[in-house]
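Worksheet for the structure shown next.
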Amino acid sequence: MPDIAKRRRFLLFLVKPSHYDDQGYVIQWWKSALPSNSLACLFGIAQKCMEDQVLGEDVDIEIFPVDETNTRVRPDRIIRQIKDNDGFGMVGFVGVQSNQYPRVLDCARPMRAAGVPVVIGGFHVSGCLSMLPERPQSLNEALDLGISLYAGEAEGRFDEVLRDAAAGKLKPIYNYLHDLPGLEGATQPYMPPERVGRTLGMISSFDAGRGCPFLCSFCTIINVQGRKSRYRTADDIEALVRVNVANGVRYFFITDDNLARNRNWESIFDRLAALRQEGIHSRFIIQVDTACHKIPRFIEKAVAAGVKRVFIGLENIDPDNLSAAKKKQNHISDYRELLLEWRKHRCITYCGYIIGFPNDTPESLVRRIQIIQRELPLDILEFSILTPLPGSEDHAKAVAAGVDIDPDLNKFDLEHVTTDHPHMSRDEWQEAYRLAWRTYYTEDHIKTVIRRAVAGGPRPDTVAYLLTWFWASFHFYNIYPLETGMIRRRYRRDRRPGLPLENPLLFYARNWGGQVVTYGRILAMFAKIHLWTRRLERDPNAKDYTDEALRKTDDYDHQEMYQLTEAARQAGAKAKHIEERKHAHAHDVAQVASAAPVTAAE
């Protein structure tokens with residue numbers, strides 16, 4: 001063992017960036033809503049590199065994980081720490097999405113000017129290198145600054161980057177897109193409890209698998225993580241959960257884009273259910289497709305494992321729009337049965353809905369949302385703008401065709417219009433997005449969702465809290481709800497370059513005064529919703545509430561969802577035909593059974 005006095009420290013800063021709001025301030029909170037799985041994965045991988053002493057027996061790797069959604073990033077302080085350590089260190093920006101890329105370059109410029117090694121990885125770099133024939137200006141700008149780019153996944157590869165950084169010989173590009181690692185027995189995602197504590201509800205994350213077999217044209221995952229799925233084992237998941245629980249973390253977001261297509265789902269759920277029998281009562285949020293209820297025992301076992309909330313990408317109720325986006329795996333005739341099945345098990349459903357498909361207009365959008373309100377028993381509806389994200393088929397085709405795309409990557413957050421639409425101007429499209437939120441989150445519909453919860457759905461108090469959160473995120477922050485958190489933090493000097501620094505007196509007066517007003521109005525709304533909930537829970541007839549959305553079966557001839565378009569009518573007719581055949585077959589089987597002779601043994 002080398003003398004302790006002769007040991008060196010390699011400082012490794014792993015930063016998951018945020019991005020700028022419409023006023024140019026970094027979106028950051030005292031406590032953020034969701035954890036970063038990319039940061040958890042890289043922290044776990046870096047820890048393994050430290051344990052394996054990849055920089056030599058005389059070098060300790062000191063890791064600083066930073067999630068900018070809940071922690072201020074100070075490039076000047078990072079520079080000082082690394083320079084005070086004889087320049088022996090590196091900054092890695094991890095999981096960088098396209099909307100976060102401008103913020104990353106703004107942080108990296110002074111670091112590179114000071115000679116600090118910087119590496120950028122994540123979906124923007126990987127997506128561009130996987131789908132575009134030529135490197136875009138955004139990547140060339142980073143290379144011109146001497147920043148290294150990392151494409152692909154880091155399991156089993158990150159030690160090379162660390163050695164090169166320690167030797168002062170980082171390569172311009174590390175491209176592992178065609179060499180994706182297996183996940184069985186791979187290094188587990190992990191975040192220290194003190195970092196997890198900066199999220200609402202002490203929530204951490206992990207991926208049980210990566211990759212997706214579907215072909216959605218707006219998706220980047222299939223072109224970065226691949227269409228061939230890779231999986232962790234039940235043993236991997238059990239070990240991961242046990243380590244976190246031992247550190248006080250019991251709530252997890254499983255980030256698989258579609259856990260229902262993970263071939264190990266059953267063994268994982270069984271293992272998690274067994275842990276609950278031991279007294280390890282973890283809770284999970286998962287993401288699934290619209291056909292998961294057709295997988296035998298999937299929902300039952302998910303609930304037994306501790307799944308409390310589920311995200312489902314409905315995306316649209318118009319089959320023509322779904323087909324245009326190559327999301328042909330979604331069948332609108334599945335939606336009701338799917339949602340009722342999750343409701344029966346008292347799970348909260350979050351459903352995604354995309355604004356800006358080719359057939360969308362403001363009028364058609366409002367009509368479809370109102371149909372969803374009446375006819376589908378979902379809890380939370382999340383809206384996003386159809387965006388040609390770098391790494392998606394949509395983006396690659398748009399670039400090849402010379403389509404006019406907004407050059408400001410900060411807008412690629414699914415909340416801002418970035419290109420043209422066949423039936424709406426960009427301003428009209430942006431207003432349609434705002435209209436969608438206003439249409440769904442009315443006081444009347446919030447009451448309806450709570451009534452459904454009280455009548456036998458998920459926990460009404462949790463539903464009330466989530467409805468308040470989503471309503472407030474749009475109305476007061478104009479920020480996508482899953483990017484929000486508790487108590488907004490703004491720093492006057494952390495403003496996007498090119499925008500002026502505001503007068504301190506005006507800035508702080510508006511910032512803190514605005515916070516007081518905003519939270520006063522949010523608390524008033526929450527109190528109102530809470531009062532509705534308590535009144536309903538005390539109502540002896542509340543359990544008997546029903547409406548069209550809670551209908552046990554679809555009425556294909558009369559429900560408006562099946563009358564929207566010719567494609568919708570065809571989907572309804574096909575589903576009705578299949579259902580009639582099932583009933584006829586069941587009747588025939590019953591007839592045969594009743595006519596069969598009874599034997600003496602019987």
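The values are calculated or read from the model by the stated rules, or taken from the named source; none is laboratory data. All figures in this text were calculated on a predicted structure; none of them were measured in a lab. When we count neighbours, we look across all protein chains shown, and the Cβ atoms used for this are built from the backbone with ideal geometry, even at glycine. To get the accessible areas, we keep the full protein, side chains included, count just its heavy atoms, and leave off ligands, DNA and RNA. Shrake-Rupley method; radii C 1.70, N 1.55, O 1.52, S 1.80 Å.
Quick notes on this structure:
- Number of residues in the stretch 449-463 that are open to solvent by 10 Å² or more (accessible area, probe 1.4 Å) and part of a loop (DSSP other than H, G, I, E, B) equals 3.
- Flag not set for D394, criterion: acidic (D, E), more than 28 Å from E443 (Cβ to Cβ), out of contact with any Ser or Thr (no Cβ under 8 Å at 6 or more places or on another chain) and open to solvent by 40 Å² or more (accessible area, probe 1.4 Å).
- Any chance L467 is within 27 Å of G352 (Cβ to Cβ) and in contact with a Leu (Cβ under 6 Å, 6 or more places away or on another chain): no
- Checking E341 against (1) surrounded by fewer than 22 Cβ atoms within 10 Å (Cβ to Cβ); (2) in a loop (DSSP other than H, G, I, E, B); (3) without any contact (Cβ under 8 Å) to a residue 60 or more places away in the chain; (4) not small (G, A, S), the condition it does not meet: (2)
- The stretch 397-448, subset hydroxyl-bearing (S, T, Y) and outside any loop (DSSP other than H, G, I, E, B), residue surrounded by the fewest Cβ atoms within 10 Å (Cβ to Cβ): T448
- Scanning the stretch 47-91 for residues that are acidic (D, E) and surrounded by 19 or more Cβ atoms within 10 Å (Cβ to Cβ) yields D67, E68.
- Some residue of the stretch 399-406 being under 23 Å from V104 (Cβ atoms) and either of a type in the set (S, T, N, Q) or touching a residue at least 24 places away in the same chain (Cβ under 8 Å) (or both): yes
- Across the stretch 213-222, the qualifying residues are those that are touching a Ser or Thr at 6+ places or on another chain (Cβ under 7 Å) and among the hydrophobic types (A, V, I, L, M, F, W, C), and the one among them that is nearest to F269 (Cα to Cα) is C219.
- Qualifying residue in the stretch 490-497 (condition: of a type in the set (D, E), in contact with a strand residue (DSSP E or B) (Cβ under 9 Å, 6 or more places away or on another chain) and open to solvent by 10 Å² or more (accessible area, probe 1.4 Å)): yes
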